[in-house]
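Notes follow the structure.
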């Protein structure tokens, strides 16, 4: 199929006067096992075509591979190239591709995935109050291939699996929920016992929540909740946002943007994450990218257009959420590096403050201003007094600016994990990338609850 | 598209292990996406989504599969795979009419966007940017996301439904960025319509650009929003409230398993007697309207809450089996890639009798929320929240200064009872705003509208700095 498509689009590209062209082809299969029950299957094949003509670049895609549809895809791409002012060069590879961890074949084995599904359900059943818990276990295998007129022909199969649960605890007819996620490039990264217990520890203890007086607090974020904030932060590392006028990191390259404890990188080789690949959607070889080192901003995520715009070396961050989405700048596995403290040490160091375990809005456009980095996010959690977890707290919001947030991180745990990418919950925004963090202590966070006198 | 007899063979294969219902959904969708950063067009993309899904029921167990291989062989293989997931006693033999019946159109389209090349669309979008930049020297740039979508689809099912329809949408997101004294503020216009490019005759590019710019300039002068619990007046652009605060919790898929705060409450008082809520997919040209839903059923005018009493839910075919209520024509999905379920269409609170002056005048200290952004809902606990785009402090019955940076949150049952005043229908607009947005939930992003008259809510939680 791939060779047939390549021959057809190459024929029409030449006929219609394209100078260079590129085919991005995906062949994927996915199994979704609902919790507690239900199965969905899918098989998807699709192609995106990009070409340059007279120095301008246009893109189109199709899932229909008949001759007329492929011709139309090429014609549309050429039409689209006429409306842009600048083109993007089709990538010419002269570099070696890095080795990435081999995809876990058990993710393609329906029996292994069903066995894991059974274990998750059994684990939920151990806790009688969790009978309303729902969720899903997803196993995905995708092979993507990139061919271009400059001789590139690369292919890579990536497998990932994840489990997302809305763990729901019931008491006297009242319900409380906790969003729990586990996943990665290997099936054994989903630990049913750990995930369900984490959900139980949150949801079952949210009852009888008290209100919080408004004020400035030191807060402790567990790693899964902190990773949501890190996802919100990640967009500000896009060079495109800087070029489009976002003030968050403008003019700050080489300068301090975070407390000294903070280092951030994009790691396409970390199999704890779901997106491991030897090349991005243009075929550029991936590499480990330091972005913040000991609090100093050392780099941005780039596309070909932004690397040209900033006159820096091309990096491998041009990705498509799928073939039917435009290529944009996204990280693969975006991580705030862990520290040395265990959770008990973090609690002790916090002393008095808030343990914020649930955030209900955490991505740009919802809770986070995508231009300025200002955020206001409804939250839940627990009060901390004398280093001990106390009563549940609810009906409050945390607010501030993500740039200031980075500068206010005072301690990092040794418990790094990737959290729930917003694109992995049903109906979530379709963004590429996964995001991880250790548990964090952050100082001076503005909390809106009830007035201090009441 | 395949023939009726091919669909019959595919449905027969899907029913081969005794399923009680089977359905095939096939679509051929054209889509264009254009981003404008300032005046520069970036990554315009034209595409064709082409695929099909098969869903079967064994009683109230539902199984779903989809593929981009829309050949008869590909779909027969998929049907066999789905059929193998269950084992039932059904003996259905599907029989379809010879041709797919076109749905009766209630949403006519003027200028089909697929007939217009990208260059002409870019010219229209540049006029929006130009208007925003010309509005005020403090507007530094504007960014635009535009999508048009033309979906041609067929539904065939074991009840003999064989229907075809076409849906056309244009979606527009504009943000204008204002800068002054090292402050940056963004004004948004998000307006999605079930219209073609004639939309720009009704609301011109200049009007759109100026509206986004005006909002950004207002926010430039905004102070931080006061926080805590206070009286809130929601303006007519606050429709997200009805969507998040009660819409999701009234969807049968949430109600059926006891997972909604409204489960088991039909006939009970769930809101202030001033509140009546409708979901109506029949309103011509509203963004959430449909000629048929995604299981081939005509939409209805569905009275959900009448004077505070819960009267009905939004019910799809599977929800109907679970709840024993008739389907209300609201089973929806983004595309063949999503399993359909009960979703909102055009959801609105019925206008009341209170005047704007009386509502604002009755507030001693509170917040007037002019427009809001997106939100979330937790239907089993009743918690909801949404983002404030533009708001003003109200003091002694008068709107005073603008504020920004807030999130509103509350609990559905408490807040619905706290609605003290319901405004009259606006002179310019009917009970439903034709423009809307997409709602992201279990079956993907589906077009909806959410409309409210001006509301006074005695107490809501306001979060901010």
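The values are calculated or read from the model by the stated rules, or taken from the named source; none is laboratory data. Keep in mind the model is a prediction, meaning the values are calculated, not measured. Cβ: placed from backbone, ideal geometry, glycine included. Neighbour counts: every protein chain shown.
Quick look at the values:
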quantity: The one condition in (1) within 28 Å of residue A:404 (Cβ to Cβ); (2) touching a residue at least 60 places away in the same chain (Cβ under 8 Å) that residue A:286 fails to fulfil; calculated: (1)
quantity: Tally of residues being away from every other protein chain (no Cβ under 14 Å) and crowded, with 24+ Cβ neighbours inside 10 Å across region B:318-328; calculated: 2
quantity: The lone exception for residue A:36 - which of (1) modelled with pLDDT of 95 or more; (2) in contact with a helix residue (DSSP H, G or I) (Cβ under 9 Å, 6 or more places away or on another chain); (3) surrounded by fewer than 19 Cβ atoms within 10 Å (Cβ to Cβ) it fails; calculated: (1)
quantity: Candidate set from region A:123-137 (those that are out of contact with any helix residue (DSSP H, G or I) (no Cβ under 9 Å at 6 or more places or on another chain) and away from chain B (no Cβ under 14 Å)); member that is farthest from residue A:425 (Cα to Cα); calculated: A:128
quantity: Any chance residue A:423 is out of contact with any strand residue (DSSP E or B) (no Cβ under 8 Å at 6 or more places or on another chain), within 14 Å of chain B (Cβ to nearest Cβ) and surrounded by fewer than 19 Cβ atoms within 10 Å (Cβ to Cβ); calculated: yes
quantity: Matching entry among B:43, B:53 (being at the interface with another protein chain (Cβ under 9 Å from one of its Cβ atoms), at pLDDT below 90, outside any helix (DSSP H, G or I) and closer than 30 Å to residue A:74 by Cβ); calculated: B:43
quantity: Counted residues, region A:276-302 - those being out of contact with any helix residue (DSSP H, G or I) (no Cβ under 7 Å at 6 or more places or on another chain) and in a loop (DSSP other than H, G, I, E, B); calculated: 14
quantity: Elements of type strands (runs of 3 or more DSSP E) contained in region B:328-431, each with 3 or more residues being over 30 Å from residue B:150 (Cα atoms); calculated: B:365-378, B:383-395, B:398-404, B:407-411, B:419-422
quantity: Selection status of residue A:372, at pLDDT below 95 and either within 14 Å of another protein chain (Cβ to nearest Cβ) or part of a strand (DSSP E or B) (or both); calculated: yes
quantity: Residue list for region B:406-445, restricted to those being under 22 Å from residue B:195 (Cα atoms) and within 14 Å of another protein chain (Cβ to nearest Cβ); calculated: B:437, B:438, B:439, B:440, B:444, B:445
quantity: Whichever residue in region B:340-376 is surrounded by fewer than 23 Cβ atoms within 10 Å (Cβ to Cβ) and within 10 Å of chain A (Cβ to nearest Cβ) and, among such residues, is farthest from residue B:432 (Cα to Cα); calculated: B:376
quantity: Enumeration of residues in region B:393-414 that are crowded, with 22+ Cβ neighbours inside 10 Å, farther than 24 Å from residue A:133 by Cα and at pLDDT below 95; calculated: B:403, B:404, B:405, B:406, B:407, B:408
quantity: In region B:117-142, residue farthest from the chain's Cα centre (by Cα) [restricted to those that are buried (at least 23 other Cβ atoms within 10 Å of the Cβ) and more than 20 Å from residue B:198 (Cβ to Cβ)]; calculated: B:139
quantity: Residue ID - farthest from the other protein chains (Cβ to nearest Cβ), chosen from residues in region B:81-104 that are under 23 Å from residue B:48 (Cα atoms) and assigned to a loop (DSSP other than H, G, I, E, B); calculated: B:103
quantity: Scope region B:446-465; condition farther than 26 Å from residue A:399 by Cβ and either within 14 Å of chain A (Cβ to nearest Cβ) or surrounded by fewer than 20 Cβ atoms within 10 Å (Cβ to Cβ) (or both); matching residues; calculated: B:446, B:447, B:448
quantity: When residues of region B:190-217 are limited to those that are within 14 Å of another protein chain (Cβ to nearest Cβ) and crowded, with 21+ Cβ neighbours inside 10 Å, the one nearest to residue B:130 (Cα to Cα); calculated: B:212
quantity: Every residue from region A:30-55 that is closer than 18 Å to residue A:161 by Cβ, within 9 Å of chain B (Cβ to nearest Cβ) and assigned to a strand (DSSP E or B); calculated: A:32, A:39, A:40, A:41, A:42, A:43, A:44
